[in-house]
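Following: one structure in structure tokens, then a few remarks.
The values are calculated or read from the model by the stated rules, or taken from the named source; none is laboratory data. Keep in mind it's a predicted model, so treat the numbers as computed, not measured. Neighbour counts are summed over all protein chains in view; Cβ atoms, including those assigned to glycine, are modelled from backbone coordinates with ideal geometry. Surface accessibility is based on the protein's heavy atoms, side chains included, excluding ligands, DNA and RNA. Shrake-Rupley method; radii C 1.70, N 1.55, O 1.52, S 1.80 Å.
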Amino acid sequence: MAVKKGSFVSIIREKFEGSVEAQASDKRLPPYVFEGTGEVVEVKGDYAQVKFLVPTPNVWLRLDQLEAAKKA
């Protein structure tokens, strides 16, 4: 999948858990992180800034931790 600005994505739990990004995050992540959909706001190198469709701060995640969302 080519992730670009405006793409709707979901986080791949298996690739996120145990990663540096997961270790830097709160261990009590809400369910929408894995069950919800986010929109790519920016792409820089191997990372994408993702804005979730609920009121919460944007996050930076590696591109390989993202997949195309089934629905927005």
Practice task
Determine the pairs where a residue that is more than 19 Å from VAL20 (Cβ to Cβ), located within segment 41-62, has a partner that is open to solvent by 60 Å² or more (accessible area, probe 1.4 Å) and among the aliphatic types (A, V, I, L, M) with Cβ atoms under 8 Å apart, the partner being 6 or more residues away or on another chain.
Solution key: LEU53/ALA72
Practice task
Scan segment 1-56 for residues that are at pLDDT 85 or above, surrounded by fewer than 11 Cβ atoms within 10 Å (Cβ to Cβ) and not in a loop (DSSP other than H, G, I, E, B) and report the count.
Solution key: 3
Problem - Residue tally, condition in a strand (DSSP E or B) and of a type outside the set (D, E, K, R), over segment 57-67 - result: 4
